[in-house]
1. Per residue of region 37-43, in order, report the coupling 6.51 cos²θ - 1.76 cosθ + 1.60 (Karplus, θ = phi - 60°) as ³J(HN,Hα) in whole Hz, putting x for Gly and Pro.
2. Taking amide H atoms as placed 1.01 Å from N in the peptide plane, list the residues 5 or more away in sequence, or in a different chain, whose amide H sits under 5 Å from that of Asn67.
3. In nm, to one decimal, how far is the Arg13 label point from the Asn57 one, both placed 7 Å along Cα→Cβ?
4. Beta carbons within 10 angstrom, averaged per residue: use that to sort the peptides 122-131, 28-37, 7-16, 62-71, highest first.
5. Ala103 to Glu89: extension gain in nm, 0.36 nm per residue of separation minus the Cα-Cα distance?
6. Give the distance, in whole Å, between the Cα centre of region 114-142 and the Cα centre of region 1-39.
Amino acid sequence: SEAYASALEGDLRALGQRARDLASDGLIRARLEALGSAQGEPRAALEAELRRHLLDNKLPLVPAFENIALAPPEGAPFLARVDDAGWTEPLGSAPAQGDEFSALLASGPDAAPCFLFATPLETLASERALGRLVVKINAGVWIAQSLAVMRGNEPDEEVAPTLRLIDQRGRALV
């Protein structure tokens, strides 16, 4: 169990690092900064470009990432996938000073457990905060991939974790 815990913790840290890598993307930071002064049609075009960039170029990079948002300092996030509105609420609207994980969340009886990770977004010159990047992480995908790698399988192979309880006589409950 210690080996599993270490593997899961290491992979969780790696997911945080992947989110930080996404937050360092120059196009995301430049467009989010431009949104601060844009109004009307230019603003809508910038938002559409950011959504498209996040959905097409960033979200598919990490299978455990279920959704992604850019939350400017003033509040309302720009979602990459709007079919899950309100999912960033457990982190609140205050800009993060550093990285932040939410507690484990379950949004419905059929929804997979998930948690959120937020990391700050800064201007290209790192002179001020622009807001934060928030990712929704599917806990089942994260755990399955971590255990698959630990067992020597390819990370993209879906291997369901198994739990086996064995008593003193060697009888097992699977």
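1. 10, 7, 9, x, 5, x, 5
2. Excluding prolines and chain starts, which carry no amide H, the hits are Lys136.
3. For the pair Arg13/Asn57, the computed spacing is 3.0 nm.
4. Working: 122-131: 14.0, 28-37: 17.3, 7-16: 15.6, 62-71: 22.4.
Highest mean packing first, the order is 62-71, 28-37, 7-16, 122-131.
5. Result for the pair: 3.8 nm of gain on full extension.
6. 5 Å
We did not get these values from a lab; they are worked out from the coordinates using the rules stated. Computed from a predicted model, the values in this text were never measured in an experiment. Positions of Cβ are generated from backbone atoms using ideal geometry, with glycine treated the same way; all protein chains shown enter the neighbour counts.
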